[in-house]
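The values are calculated or read from the model by the stated rules, or taken from the named source; none is laboratory data. These numbers come from a predicted model, not from an experiment. For neighbour counting, all protein chains shown are included, and Cβ atoms are generated from backbone atoms with ideal geometry for every residue, glycine included. Ligands, DNA and RNA are excluded from the accessible area calculation, which covers all protein heavy atoms including side chains. Shrake-Rupley method; radii C 1.70, N 1.55, O 1.52, S 1.80 Å.
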Amino acid sequence: TRRTGIQAQFESTNCEDRLDQSSETLLFRVCQEALTNCVKHAHASSVKIKLSREADRTALTIADDGAGFDMARMQENGGIKGLGLLNMREMAELSGGQFSIESSPGKGTRIEVSIPDHGLSEQPDQQAPLPSFPEGNAAEEYFQRFFNLIPDLACIATAEGRFLRIN
């Protein structure tokens, strides 16, 4: 609020305990990207952020009163346009969660992310099935898309230190 002048309201429900680190990071980055969009694109005057936990899920909602946009135009050719929005969706879905966005010109934007609650444990469930991924060319396209959308710097290097790929 001090930096941007946008009035921010935060509400949390059933959030007494901390999430596991990867869930906290994911939700932080989604919120950070959404708030950046409020400043850069929406020119919002206020934003409401709600974080809530249920028995097995954590939900984050960010709703602004900004300019909004035409969802049909953003979803042309089968996908969301805009790297920030796509990145938020990919992060949520890669964690086993869900992502939704509602917006219309002059009526603001509402982003909702819901992710499985993995509790406080840093240890993965050894009995959990591995996620299924595409095969063949679809697998390479999936990997390339994921690699390019990782919010941090990522690289693949040889044992000698020669970079093969950098996002």
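Identify the residue in segment 29-51 that is buried (at least 18 other Cβ atoms within 10 Å of the Cβ) and among the small types (Gly, Ala, Ser) and, among all such residues, is nearest to Met91 (Cα to Cα).
Result: Ala34.
Pick out the one residue from Thr109, Thr4, Thr25 that is closer than 23 Å to Asp152 by Cβ and open to solvent by less than 60 Å² (accessible area, probe 1.4 Å).
None of the others qualify; the one that does is Thr25.
If you go through segment 19-56 one residue at a time, how many are part of a loop (DSSP other than H, G, I, E, B) and closer than 18 Å to Ser114 by Cβ?
Number satisfying all stated conditions: 5.
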